[in-house]
Amino acid sequence: MSKLVSTLIRSLPIAFALALLLCFADAALGCPTCKENLANDPEAANIVRGYFYSILFMLSMPPLILSGLSLYFYYEVCKARALQAKATAEGHPGHDDALDGRLAQA
């Protein structure tokens, strides 16, 4: 019984927020003049289409930028590892070994 009551009490804020959202959803659609103009004017369809594509463009930019930067950094790390492996295979000391040698001489 107490578990049911605690579950109901925890879900009360969510239910209240959902009820508020449903009550004010019509007000969030926009002003009545714009809403009626866009609904009845066939030329306004281009405006709606423009908003649609601009929203898609804006939503696609953060993932594209993040993916591009991640790919760039991945490429740079792979290139650095390949250079380090090549230097190790040829018997040349890496940057860390050279720094240790310089510090030991000082």
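Can you say whether PHE73 is more than 26 Å from the chain's Cα centre (by Cα) and at pLDDT 80 or above, as far as the supplied structure shows?
So PHE73 fails the test.
Is it the case that LEU83 is within 31 Å of the chain's Cα centre (by Cα) and at pLDDT 70 or above?
It is false that LEU83 is within 31 Å of the chain's Cα centre (by Cα) and at pLDDT 70 or above.
The values are calculated or read from the model by the stated rules, or taken from the named source; none is laboratory data. If you're wondering where the values come from, they're calculated on a predicted model, not measured in any experiment.
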